Every structure is written in structure tokens, then in C-alpha cells.
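Following: one structure in C-alpha cells, then a few remarks.
Rule-based calculations on the coordinates, nothing more; no lab input. Since we're looking at a predicted model, the values are computed, not measured. As a convention, Cβ positions derive from the backbone with ideal geometry for all residues, glycine included, and neighbour counts pool all protein chains shown.
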Amino acid sequence: QQPVQSPQAVILREGEDAVINCSSSKALYSVHWYRQKHGEAPVFLMILLKGGEQKGHEKISASFNEKKQQSSLYLTASQLSYSGTYFCGTPGSGNTGKLIFGQGTTLQVKP
Amino acid sequence: DTGVSQDPRHKITKRGQNVTFRCDPISEHNRLYWYRQTLGQGPEFLTYFQNEAQLEKSRLLSDRFSAERPKGSFSTLEIQRTEQGDSAMYLCASSLGARGRGEQYFGPGTRLTVT
């Protein structure tokens, strides 16, 4: 079951904050976040493995609410380099580690 | 550590031709995945290898697709009798598997255009 991301697109000015949400209709055990710039491969940002866990990477952080079956990615004081498409990925069935990705959220940061 | 590499980066082929892509994972990673990505969509899982064993194939992978990972190192993905619907970015990713947290590292992808 593909996770659902919202919003589909965000336009920001430098220095503004954004939140991207990822929700699933099934129980989540982990959530992976990636950023992809146009024409490039997805780049791993962070993985959240426990309910309630929050991880941070510079000014990008994420939370994971296992009960609500959702994760949120927080981008604070956004920079031009944050522009790209953000994907959340959740584990598929079986124990292979394959990921099922959401449809993506496109973030554009303007000067 | 040079990361995941893929070759070629771009491939243009005529409908009906066969194509083969190569992926070299991060050297100590025993898990290797192939995904396909079309414009505006997230990557879709195609197949998974643990070492040299192909342990799962998606229903997206028709009989025209075959993948190998001899000796558990590099992997190849072959598409026979290509169709225009095969046009996409083919991404390879690798991970440490049980020894790691499960994060996957992607290669730059091979963009296939079928004319």
C-alpha cells in the first residue's frame, strides 16, 4: 500500500519553514526520507525506526507517530539547496527491505 | 567508498531491441534493489537480491525483464524486446541489510528512452 504524502507541492522563500507529511493505511515500523533533485538519484536523508522517534539533520528533522501511522518532515529556515522532491518510503511486505515510496512532495525555495 | 554506480547513464533504443544495464553496489552491501521511476512518480520496486540470490520480483517485472547478480557483486538488468512503455529511469540501490539500519543508497540511474 503506497503511503500518501501531503502537500503535493510547496513554494517557499528562503528562511521560511515547511512541513511534509507522510501517512499510511497500514501499520508502520519504519519510515525512510529521501530528497531527489531533478535528473539525479534520490539521496537518503534519514530513517526513523521507532514510534515517536525524532531525528535531525542540520535544519531538517522528522518525527514518527506509530499510532497515527504517519511521519512528518520538518524543514526550518529553508535554503535554496533544499529545493527538490521529497519522498517518504515505507517497508513493503516480506523481510526484504524493499521500500514503497509515496508520490513525492515538490519543494521550491525561492530567493 | 565510491557509492553506487550505474552504467550507462542514458540509453536510447528502438522498440524491439534488447538492452542491458549494470549496477555496481557499495562494496560491503549484500542487498541490492532495482527500482523503476517514471516522471512525477516515486521509485517503484522491481526486484531484490541478497548476495547472489534473487529473492523477490515485483509483478511489474514481466517475462521480458531478467536480472542477475553473479557472485553477489555487480548486478545486471536486461530488458528484451523493449516497448515504449519501458521508457523510464532505472535505479539501483544497495544496503547493508540486517547489519545496518536498512537505509538504501541509490545510484545515479540509467535513463531509458524507447523510440
Check your understanding: Sorting B:Arg15, A:Arg13 on the 10 Å Cβ count, fewest up front, what's the list?
Key -> A:Arg13, B:Arg15
Check your understanding: Stretched out fully, how many nm does the piece from A:Gln79 to A:Glu58 gain, at 0.36 nm a residue minus the Cα gap?
Key -> 6.4 nm
Study note, to complete from the structure: Rounded to one decimal in nm, the spacing of the 7 Å Cα→Cβ label points at A:His38 and A:Lys50 is 4.1
Point to revise | In segment B:28-60, the GluC sites (Glu not before Pro) that fall in loop regions by DSSP, at most 16 other Cβ within 10 Å | key: B:Glu28, B:Glu52
Practice item. Run the numbers on chain B and let me know its relative contact order in percent, using alpha-carbon pairs under 8 Å that are six or more apart. Key: 37
Check your understanding: Amide H to amide H, which residues 5 or more places from A:Glu16 or on other chains are under 5 Å from it, using H placed in the peptide plane?
Key -> A:Ser78
Practice item. Kindly count the pairs of lysines across the protein assembly as shown whose alpha carbons are less than 16 Å apart, treating pairs on different chains or eight or more residues apart as eligible. Key: 8
Point to revise | Residue-wise HN-Hα coupling along segment B:73-88, computed from phi with Karplus coefficients 6.51, -1.76, 1.60 (Hz; x: Gly, Pro) | key: 10, 6, 10, 10, 10, 10, 10, 9, 6, 4, 10, 4, x, 7, 4, 4
**Study point:** Translational D in µm²/s for the protein assembly as shown (Stokes-Einstein at 20 °C, 1.002 mPa s, Kirkwood Rh from C-alpha pairs)
**Key:** 119
Exercise for review: Can you give me the three principal axis dimensions of chain B from its C-alpha atoms, in Å, biggest first?
Suggested key: 42, 24, 22
Review point. What FRET efficiency do you get for A:Lys68 and B:Leu60 if R0 is 45 Å and r is their Cβ-Cβ distance, rounded to the nearest 0.05?
Key: 0.90
Practice item. Along Cα→Cβ, 7 Å out, is where each label goes; now give me the distance between the ones at B:Gln80 and B:Leu39 in nm to one decimal. Key: 3.1
Practice item. Please report A:Cys22, A:Cys88 as a ranked list, fewest other C-beta atoms within 10 angstrom at the top and most at the bottom. Key: A:Cys22, A:Cys88
